[in-house]
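Worksheet for the structure shown next.
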Amino acid sequence: MEHITSTPTVKAPAERFSGDIYLNMIESPTEPARLATALVRFTPGARTNWHSHANGQTLYITDGIGLVGTRDGTVVRVCAGQTVKCPPGEEHWHGATDTTLMAHIAMVVGDAGGDGTTWLEPVTDAQYATALTTTTR
């Protein structure tokens, strides 16, 4: 057993996120395990860039209200206790609403080359504004 009492909080890199986002790594994969897990906290209006994962991604919402959007225009509103699974290769983004914080545990199964994430361009302010008004749930 390994008891980890805390991990440092770091600010997410600006080249992959818009707004203020903070990360606490829960598990960084070491062979043979390949699961990367992090607690991610989004301030109001903050969001990831568009991205995809070779093996998909699971998001478990722990606090607040957020949005998860896909390239086809689907946007779901999420809150604490809900889970979203993004399939392998699906381009998506996630973040807080414009008025509330949102936190989630992000889980990604990587491959031998890393976590399998492909980072793309930022979600524009216009795309985000549309997402705020077109959620499907």
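Where a number appears in this text, it was derived from the coordinates with a stated rule and is not lab data. Keep in mind it's a predicted model, so treat the numbers as computed, not measured. Counting neighbours? That spans all protein chains shown, and the Cβs are built from the backbone with ideal geometry, glycine included.
So if each residue of separation counts as 0.36 nm, and I subtract the Cα-Cα distance between Thr99 and Ala14, what length gain in nm does that give? Between Thr99 and Ala14, full extension yields 28.5 nm more. Each other residue within a Cβ distance under 15 Å of Arg71 adds +1 if Lys or Arg and -1 if Asp or Glu, for a net charge of -3. Spacing of the modelled spin labels on Thr130 and Ile65, each 7 Å from Cα toward Cβ, amounts to 2.2 nm.
Compute the length gained on full extension between Ile4 and Arg77: take 0.36 nm times their separation in residues and subtract their Cα-Cα distance, giving the result in nm to one decimal.
Numbers: separation 73, 0.36 × 73 = 26.28 nm, distance 3.24 nm.
Here the segment from Ile4 to Arg77 would lengthen by 23.0 nm.
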